[in-house]
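So the structure is just underneath, and the comments pick up after that.
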Amino acid sequence: MWTHIASASSEDSRLDLYERNGLYMIRANGWELMNGEYHASEDQLGRLAGLLPSAPRPEILVGGLGLGYTLASLLETLNKGIRPTRARITVAERSGAVLRWFGTHINPRLAATLSSRVRLVESDVAAHLGADRRWDVIVLDVDNGPAALSTPGNAALYGEHGLARCRDSLAPSGHLLLWTSFEDLNFVERARTVGLSVTRQSLPLPNRSDQAHVLYVLSRQPLSSVDRERLGLDG
Ligand SMILES: C[S@@+](CC[C@H](N)C(=O)[O-])C[C@H]1O[C@@H](n2cnc3c(N)ncnc32)[C@H](O)[C@@H]1O
């Protein structure tokens, strides 16, 4: 049985934090947004974000923090890298409560040991997008896929205009990664329309062979077949 720990409300959404056997869950407006009992695909999202950049000092934007599994996996991947990278990571999380809960409940150990190369910022991820940016990787996991769930404003991220803005925020060899619990071919079409090259990884759910989480990799330049194979991505 989940125990309710805390709530936080903003003008357009309500978040609730629950705990069970040392694991946490966040609900947004009553809908499950992130559950610590299932995080394999969030881990894989962080791994891909750490393996994709070729720059020696990549700039990586992660939106949002949630329970921090993607961030933890990204840091682990970068630390294990063959080449030492000096990545700088900005995590944009729109909820100040989620940032506080991360340090007080969810993962105080990681929160306390983050290096100065990792910035946790209370802000909308959209505030970090724009033609003056050069992110090597942008990781988007703010909803349950390319449809607004956390807050109505997120819808703007997934339309053609929002995707074009993400594209313009990337370095010439940059990538936008999106976690989704459902395949969305219209989203893929829109990404292609704005000139992004789309590859994907499908992650079947344990004991639910009919369902899968999907990681979309939207790249400014098409990935080579060697990279697609190395990273386990399909065209
Ligand atoms: C699905 S959770 C992220 C899960 C995360 N990948 C993990 O490993 O736990 C979504 C998070 O994004 C935050 N969020 C929602 N919309 C946002 C936005 N526009 N900008 C920044 N953060 C946002 C939510 O508050 C929530 O913490």
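Out of Asp43, Asp184, Asp124, any idea which swings most in a Gaussian network model of the chain, alpha carbons joined below 10 Å?
Asp184
For the chain, what is the calculated [θ] at 222 nm in deg cm²/dmol (nearest 500), taking -39500 (n - 2.57) for each run of four or more DSSP H residues and dividing by its residue count?
Calculated mean residue ellipticity at 222 nm is -7500 deg cm²/dmol.
How high is the relative contact order of the stretch 39-231, given as a whole-number percent (alpha carbon pairs under 8 Å, six or more residues apart)?
Computed over the stretch 39-231, the figure is 20 percent.
Could you work out the relative contact order of the stretch 1-115, using alpha carbon pairs under 8 angstrom and six or more residues apart, expressed as a whole percent?
Computed over the stretch 1-115, the figure is 19 percent.
Going by alpha carbons, how many degrees (0 to 90, nearest 10) lie between the helix axis of 40-51 and the longest principal axis of the chain?
Taking the Cα atoms of the chain, the angle to 40-51 is about 40 degrees.
Ignoring ligands, DNA and RNA, what percent of the accessible area of the chain is carbon or sulfur (1.4 Å)?
That fraction is 50 percent.
Leu120's amide H: which non-local residues (gap 5+, or another chain) put their own amide H closer than 5 Å, with H modeled 1.01 Å from N in plane and none for Pro or chain starts?
Excluding prolines and chain starts, which carry no amide H, the hits are Val91.
Give, rounded to the nearest 20 debye, the magnitude of the charge dipole that the chain has about its Cα centre when Lys and Arg contribute +1 at Cβ and Asp and Glu contribute -1 at Cβ.
It comes to approximately 880 debye.
Rounding to the nearest 20 debye, state how big the charge dipole of the stretch 1-61 is about its Cα centre with +1 on each Lys and Arg Cβ and -1 on each Asp and Glu Cβ.
It works out to roughly 160 debye.
Roll a 1.4 Å probe over the protein chains and send me the accessible area per residue for the stretch 137-211 in Å².
Numbers: 3230 Å² over 75 residues.
Using a 1.4 Å probe on heavy atoms only, each residue of the stretch 137-211 averages 43 Å².
Rounded to the nearest 10 degrees, what's the angle between the helix 69-80 long axis and the longest principal axis of the chain, both from Cα atoms, 0 to 90?
On a 0 to 90 degree scale, this one is about 50.
Output the antiparallel fraction of DSSP beta bridges having both residues in the chain, as a percent to the nearest 5. Could the numbers behind the result be given before it?
Values: 32 of 51 bridges.
Rounded to the nearest five, the antiparallel share is 65 percent.
Using unit Cβ charges (K, R positive; D, E negative) and no other charged atoms, how large, in debye to the nearest 20, is the dipole of the stretch 72-180 about its Cα centre?
Numbers: 13 positive and 10 negative charges, 109 e Å.
The dipole of the stretch 72-180 has a size of about 520 debye.
Give me the percent relative contact order of the stretch 147-235, please, defined on Cα pairs under 8 angstrom at least 6 residues apart. Before the final figure, lay out each step's value.
On the way: 122 pairs, mean separation 26.0, N = 89.
RCO, the stretch 147-235: 29 percent.
Please state the shape class of the stretch 171-235: rounded when a/c is under 1.5, otherwise prolate if a/b exceeds b/c and oblate if not, all from the C-alpha gyration tensor.
The shape class here is oblate.
Of the residues Thr180, Thr193, Thr113, which exhibits the maximal mean-square fluctuation in a Gaussian network model of the chain defined by a 10 Å Cα contact cut-off?
Among Thr180, Thr193, Thr113, the largest mean-square fluctuation in the Gaussian network model of the chain belongs to Thr113.
The values are calculated or read from the model by the stated rules, or taken from the named source; none is laboratory data. The structure displayed is predicted, hence computed values, not measured ones. Note that we place each Cβ from the backbone using ideal geometry, even for glycine, and neighbour counts take in every protein chain shown. The accessibility values were calculated without ligands, DNA or RNA, using every heavy atom of the protein model including side chains. Shrake-Rupley method; radii C 1.70, N 1.55, O 1.52, S 1.80 Å.
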